[in-house]
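Please treat every number below as a calculation from the coordinates, not as lab data. Note that this is a predicted model, so its numbers are computed, not measured. Positions of Cβ are backbone-derived with ideal geometry, glycine not excepted, and every protein chain shown enters the neighbour counts.
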Amino acid sequence: MIVTTKKDFEEIEDALKSYNNIMLIYCGTCSVTSQCSDEKSVNEMLENLKNAGKNVVYHQEFKEPCDFRQDLQDWRNVPQEALDKVDAFLILSCGAGLQAMLDLFDRKNIAKPIFIGLNTHGIAETERIGRFHVKCAGCGDCLLNYTGGICPVTSCAKGLMNGPCGGQLDGKCEVGKYEKDCGWILIYERLKKIGRLDLFGQLRPAFNWADRGHQKSVVFR
Amino acid sequence: MGDRPAFSNLMKEIKTGKFVFTGELEPTKMVDISEIIHSAEAMKEYVVAANVTDGPQGMAYINSLIPSYLVQEKVGLETVYQMTVRDRNRIALFGDILAAACVGIKNVLALTGDHSALGDNPGAKSVYDLDSTQFVYLLGKMIDENTDIYGNEIETGKVEMNVGIAANPNASPREAEILKVGRKVAVGADYIQTQTAFDIDDAKDFIKELSRYNCPILLGLFPLKNYGIASYFDKFIPGVSVPEDLLKNLKHVKKNIKDKKERKVKIDEINLEFFVPFIREIKKSTAAAGIHCMAVHYERLFEPLLKEFR
């Protein structure tokens with residue numbers, strides 16, 4: 001899932017300062033699991049907006065804002081009278097969710113601003129609600145086959161391909177005062193456990209960072 | 001040892017089988033580097049080369065290339081240009097190595113570098129485009145094949161350098177450290193300079209384990225100029241414990257000897273008592289090629305410390 005956290009309301013208020021009539025949209029998938037767009041969080045946001053003197057003209061869950069196809073369907077429920085009144089949109093979703101909405105707005109000729117209420121952290125494992133671990137950086141060239149299934153990009157503070165560096169102590173990382181695990185010691189231990197330390201000693205060549213993230217679309221048909 | 005020629009005096013001396021010593025210079029937030037020049041002059045007689053650090057502890061300091069160059073030019077002491085991959089991508093690493101070769105630098109120590117989060121510009125974006133092993137690979141391409149990492153040729157001149165790497169005798173689990181060093185040696189390291197060691201048995205074991213790679217090892221030692229430094233090392237440098245007696249003796253000097261001159265004499269005595277037998281033992285009973293002596297701002301110790309080994 002994509003893990004998100006709530007932005008400070010002060011930042012949201014600052015973004016919305018020129019706009020009075022707000023439409024609140026919230027994700028029904030990952031951000032709910034992150035407890036950022038669940039019922040309690042939505043009510044809290046509605047309360048904050050009200051206290052800040054904003055008029056919430058309408059609010060609605062979009063099942064999966066990052067899915068343009070789903071957005072087309074969910075948009076059908078948005079009443080025209082709310083659209084007539086709205087000055088700005090606020091969305092509780094990941095960054096991809098907001099940007100898929102922009103495509104929808106273009107399709108629907110909506111020339112109104114949309115602001116984000118959450119910070120996006122990454123592709124994460126859910127250990128339990130309230131405890132998420134970013135496990136994948138979406139590099140586009142997965143190294144897991146060579147590292148015992150543990151990602152060095154997300155588990156090493158330096159994203160090294162051939163660790164560990166000299167900054168680990170008893171398997172803990174120099175970043176964050178030796179509280180977090182050193183990803184490369186996790187990789188070493190995992191490879192040892194499965195009898196593949198031969199992989200540990202191999203050189204993993206320079207990575208092609210050029211293909212990571214920027215202006216990237218995955219199009220296969 | 002690999003097939004690469006010995007380009008540097010350091011590598012040449014290692015290859016003759018002589019037990020070598022290197023020193024360390026730490027340029028900081030400075031434009032005027034006369035302090036570094038003076039330190040280099042003070043150690044010149046006792047070491048074959050001096051490392052020039054590159055933003056240790058993630059600090060924003062003067063780039064190490066210019067001090068490395070100026071020490072060679074003004075003092076005539078060969079330098080080991082330390083480079084971290086923290087602040088430079090593969091283009092900048094390549095460019096800086098060309099620049100270093102252009103001004104006659106013959107040694108580079110390829111390091112990962114402490115994370116910028118540890119330093120005084122903690123929000124900086126660390127680069128780590130290559131890691132230190134991939135940097136050693138890039139250096140191999142430049143030195144042995146005269147190209148960049150993609151095989152694009154260097155147009156004029158040659159990069160004639162020897163490549164050093166770091167190893168940590170205090171690392172645990174040790175096997176991961178040993179395998180990592182092996183990976184770097186396989187890619188093209190010429191010698192190893194270790195982090196500081198205080199435990200003789202541990203140091204000997206570490207050297208023994210690394211010896212399987214047949215890559216010369218310079219064991220790192222850090223003479224302790226005062227109790228404050230010793231205590232800082234003991235508390236804050238990961239994995240390093242300063243022996244209790246050493247700490248106790250230095251503390252005693254701090255507390256009981258008020259005269260500065262007398263205090264210096266006593267501190268030197270304590271260091272000599274600890275490090276001379278240490279070096280003697282390493283030289284006598286291990287395969288180490290020498291000592292990397294990190295007596296930063298403590299150059300007066302070089303003469304009494306190293307005289308019997310020269």
Within the protein assembly as shown, what percent of beta bridges assigned by DSSP are antiparallel, to the nearest 5? 25
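Arrange B:215, A:30 by Cβ neighbour counts within 10 Å, fewest through most, would you? Don't skip to the answer; put the middle values down first.
Values: B:215 22, A:30 25.
By the 10 Å Cβ count, ascending, the order reads B:215, A:30.
Determine, from the Cβ-Cβ distance of residue A:221 and residue A:63 and an R0 of 25 Å, the FRET efficiency 1/(1 + (r/R0)^6), rounded to the nearest 0.05. Working shown, then result.
Numbers: r = 24 Å, r/R0 = 0.97.
E between residue A:221 and residue A:63, to the nearest 0.05, is 0.55.
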Positive minus negative residues near residue A:142 (Lys, Arg vs Asp, Glu; Cβ under 14 Å): +1
With a 10 Å cut-off between alpha carbons and a GNM built on chain B, which of B:187, B:47, B:159 moves the most? B:187
Per GNM of chain B with C-alpha springs under 10 angstrom, the most fluctuating residue out of B:258, B:15, B:266 is B:258
Counting only DSSP loop positions in the stretch B:110-164, the trypsin sites (Lys or Arg not before Pro) whose Cβ has at most 15 other Cβ atoms within 10 Å are B:125, B:158
Between the modelled labels at residue B:287 and residue A:14 (7 Å from Cα along Cα→Cβ) the distance in nm is 6.0
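Which percent, nearest 5, of DSSP beta bridges in the stretch B:9-309 are antiparallel?
Numbers: 1 of 32 bridges.
In the stretch B:9-309, DSSP labels about 5 percent of beta bridges as antiparallel.
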For residue A:178, project a label point 7 Å along Cα to C-beta. Then give me every residue of the stretch B:162-184 with its amide nitrogen under 17 Å of that point. B:168-174, B:177
Report the Rg/Rh value for the protein assembly as shown, based on alpha-carbon coordinates and the Kirkwood definition of Rh. 1.08
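Please give the calculated 222 nm ellipticity per residue for chain B, where each DSSP H segment of at least 4 residues contributes -39500 (n - 2.57) and the sum is spread over every residue; nearest 500 deg cm²/dmol? The partial results should precede the final answer.
Details: 11 runs with 130 residues, N = 310.
-13000 deg cm²/dmol, from helical runs alone.
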Can you tell me what share of the DSSP beta bridges in chain A is antiparallel? A percent to the nearest 5 is fine. 45
Choice from A:160, A:169, A:98 showing the highest fluctuation, given a GNM over chain A with Cα pairs closer than 10 Å: A:169
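Determine the shape class of the stretch A:140-201: with a ≥ b ≥ c the square roots of the Cα gyration tensor eigenvalues, call it rounded for a/c under 1.5, and otherwise prolate if a/b is greater than b/c, oblate otherwise. Each step should come with its number before you reach the end.
On the way: a/c = 2.18, a/b = 1.41, b/c = 1.54.
Since a/c reaches 1.5 but b/c is at least a/b, the shape of the stretch A:140-201 is classed as oblate.
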Span per principal axis, largest first, for the Cα atoms of the stretch B:1-150 (Å): 43, 38, 25
For the stretch A:71-221, what is the Kirkwood hydrodynamic radius in Å, using each pair of distinct C-alpha atoms? 19.0
For A:76, B:212, order by how many other beta-carbon atoms lie within 10 Å, fewest first: A:76, B:212
Length-normalised contact order of the stretch A:2-122, Cα under 8 Å, at least 6 apart, in percent, tallies to 38
20 Å reach of a label modelled at residue A:208, 7 Å along Cα-to-Cβ, counting backbone N of the stretch A:139-153: A:139-147, A:152-153
Under Stokes-Einstein, the stretch B:62-159 at 25 °C and 0.890 mPa s, with its Kirkwood radius over C-alpha pairs, diffuses with a coefficient in µm²/s of 174
Based on the Cα coordinates of the stretch B:9-309, what is the per residue volume of their convex hull in Å³? 135
Taking chain A and counting helices only, DSSP H stretches of n ≥ 4 at -39,500 (n - 2.57) each over all residues, the nearest-500 ellipticity at 222 nm comes to -8500 deg cm²/dmol
How large is ³J(HN,Hα) for each residue in the stretch A:48-61, as worked out from phi by the Karplus curve 6.51 cos²θ - 1.76 cosθ + 1.60 (θ = phi - 60°), to whole Hz, x for Gly and Pro? 4, 5, 4, 5, 7, x, 8, 9, 8, 6, 5, 9, 7, 7
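What Kirkwood hydrodynamic radius, in Å, does the stretch B:154-264 give when the mean of 1/r is taken over all pairs of distinct Cα atoms and then inverted? Present the calculation step by step, with values, prior to reporting the outcome.
Values: mean 1/r = 0.0615 Å⁻¹.
Roughly 16.3 Å, rounded to one decimal.
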In degrees, nearest ten, helix B:90-102 long axis to first principal axis of chain B (Cα): 80
Measure of compaction for the stretch A:2-122 (Cα Rg per 2.2 N^0.38 Å): 0.95
Long-range HN-HN contacts of residue A:114 with modeled amide H, under 5 Å: A:89
Can you bin the stretch A:28-81 into rounded, prolate or oblate? Criterion: square roots of the alpha carbon gyration tensor eigenvalues sorted a ≥ b ≥ c, rounded for a/c under 1.5, prolate for a/b above b/c, oblate for the rest. oblate
